[in-house]
Amino acid sequence: MNYWLIKSEGACYSIEDLEKDKKTDWFGVRNFQARNFMRDDMKVGDMALFYHSNSKPSGVYGVARVASLAHPDLTALDKKDEHYDPRSTKTKPIWECVDFAFVQKFRDPISLQYIKIDPKLSDMLVAKKGQRLSVMPVSKTHFERVVARGIKKY
C-alpha cells in the first residue's frame, strides 16, 4: 500500500464535500509529476491525507482512499471547463485522475504549522519550501502519525 497527500483549496472542494459526495474523481490536476503519481503509482485502496490549502489553517483535514485506477480527466476535454486543455483528446488524453472515497474527517485539522514544528513530521514534502504539488507521496510513518494526531480526543 502507498500513502499520499492530496491538496484542494477548502473553498473549492473540502473534506466536507467529499464526505457528502462519498466519492469523487480528482480532476483538474495539471502538473505532469502529480498526474504521473495518479496514473502510474496509485492503486485502489491506497490511503491519502486530505489537505486544505489556502485555508485557515492550511493543513490536513481528514483521510480519503483511492477508489479507482487512473482514468481520463474529462474536464480536459470540456471547452467550457476551467481545466480544459486543447492538447488532450479522447483518443490521446494527456490528463488522468483517480477517484477518491471519503474515509474520515478529523475533529480538528493538523495544521501545516504543526507539521513543520513536529520533528517526526517536519521532513514531509508538504513542509518543504517550494513543494506545491497537489498530489504527493507520504511515508507510512508520516501518514500514521498525522492520522493518530487527527483522531486524538482533546
- Task: Only residues that are touching a Cys at 6+ places or on another chain (Cβ under 8 Å) and assigned to a loop (DSSP other than H, G, I, E, B): list them for segment 53-101, please.
- Result: ALA70, ASP73
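Only residues that are hydrophobic (A, V, I, L, M, F, W, C) and in a helix (DSSP H, G or I): list them for segment 1-47, please. Before you say what the answer is, go through the steps one by one.
If we filter segment 1-47 for residues that are hydrophobic (A, V, I, L, M, F, W, C), which is where we start, we get 1, 4-6, 11-12, 15, 18, 26-27, 29, 32, 34, 37-38, 42, 44, 47.
The answer is ILE15, LEU18, PHE32, ALA34, PHE37, MET38.
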- Item | Pairs where the first residue, in segment 31-58, is closer than 13 Å to ARG132 by Cα and the second is assigned to a helix (DSSP H, G or I) and among the β-branched types (Val, Ile, Thr), C-beta under 8 Å, 6+ apart | TYR51/VAL126; HIS52/ILE15
- Message: I need every pair where a residue in segment 119-141 that is in contact (Cβ under 8 Å) with a residue 60 or more places away in the chain has its Cβ under 9 Å from the Cβ of a residue that is surrounded by fewer than 11 Cβ atoms within 10 Å (Cβ to Cβ) and of a type in the set (Asp, Glu), sequence separation at least 6 or different chains.
- Response: none
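Among the residues of segment 124-145, is any among the acidic types (Asp, Glu) and in a helix (DSSP H, G or I)?
The answer is yes, given that some residue of segment 124-145 is among the acidic types (Asp, Glu) and in a helix (DSSP H, G or I).
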- Message: Checking LEU121 against (1) modelled with pLDDT of 95 or more; (2) assigned to a strand (DSSP E or B), only one condition comes out false. Which one?
- Response: (2)
- Task: State the number of residues belonging to segment 118-154 that are of a type in the set (A, V, I, L, M), in contact with a helix residue (DSSP H, G or I) (Cβ under 9 Å, 6 or more places away or on another chain) and more than 21 Å from ASN31 (Cβ to Cβ).
- Result: 2
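The values are calculated or read from the model by the stated rules, or taken from the named source; none is laboratory data. Computed from a predicted model, the values in this text were never measured in an experiment. Using ideal geometry, Cβ is built from the backbone for each residue, glycine included, and neighbour counts are taken over all protein chains shown.
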